[in-house]
Each structure stands twice: as C-alpha cells, then as structure tokens.
Amino acid sequence: MKSKPRSSRREEAHLSGHPLRLERGEGRGEVSKQEASAVAAFKAQVTQWAQKLRVRPRQVRIQRMRRKWASCSTGGTVSFSTDVLAERPAFREYVIVHELLHLKVPNHGKLFKTLLRAYLPDHELSRPGSLPSDDSLGGRAL
C-alpha cells in the first residue's frame, strides 16, 4: 500500500526540547495567527500532560490525517490530526492523554484502560463499557 506524499512545507517549534511539527497541506500559504494560536495552545496542553504522565515523546507532530485522530509509533513519535485542533477541549484532552499513555502501554488492554480512567475519571470516553464506536468518532480511529 502506498503511503500518501508528505508536504514539503513544515513549521517547527519545540516541545520540551523535542520538535513539534505542523505539516501543512499542499498549496496552503503561511499559517494564520489563529492557527498559530491554536497550535500553541495545543502544544502547551500536550506539554502539560506529558509532564503529568511522566513521558517524553521523541517527537510530537501535528499533521493532516484522514483516517485517524492521532497515532503513536513504537519509536516514540506521537502524531495528531490537524482536525483535533477544532474539536471540543474535552475531546482534545482525551486524544492527548490516550496517545501519550501509549508511550507507557502500547496496547488497549486492562492496564491502559485503568490508567486512562485514573487520569481522566470523568471523561465519557474513558469509562468502562464506553469504548467509542467509529460513528461516535466521526468514522475515525484513535
């Protein structure tokens, strides 16, 4: 299966000494002030949660993703869809914690779910028996 081509335009910032990449789609101009502000707020939220969870992602990327909200590689790279930036704050927080926890636990087993509930006890997606369906996540996976 062919992977989709990457954009040659990238904006880099740093997250606790690790690169944060925002990959923009082909043909887009400069990042607007509003986009930059949203990225900065998201970056701060990821940094806070990484410290709270005591994890250090090798790299955090924000990029266009069509089928997922986010992903975590075995090499420690955590990638988030640019679409997450436009979602409700509670959902963004869930996605951030979910992916950062994969740096500790690589699967969705009992330990992972227990940690997720411990860090986000009131979040509707972290309760037992409320594993999101594709419909509740807009057809995307976490």
Quiz item: If you take the beta carbon distance between residue 112 and residue 73 as r and set R0 to 22 Å, what does 1/(1 + (r/R0)^6) give as a FRET efficiency, to the nearest 0.05?
Solution: 0.85
Exercise. Starting with the fewest neighbours, write out 98, 123 ranked by other beta-carbon atoms found within 10 Å of each beta-carbon.
Key: 123, 98
Quiz prompt | Diffusion coefficient, µm² s⁻¹, Stokes-Einstein with Kirkwood Rh over alpha-carbon pairs of the stretch 30-130 at 10 °C and 1.306 mPa s | solution = 114
Exercise. Name the long-range amide H neighbours of residue 62: under 5 Å, sequence gap of 5 or more, or other chain; modelled H, no Pro or chain starts.
Key: 21, 22, 23, 80
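Only the coordinates and a few stated rules stand behind these numbers; no lab work does. All values reported here derive from a predicted model rather than from experimental measurement. FYI the Cβ positions are ideal-geometry reconstructions off the backbone, even for glycines, and counts take in every protein chain you see.
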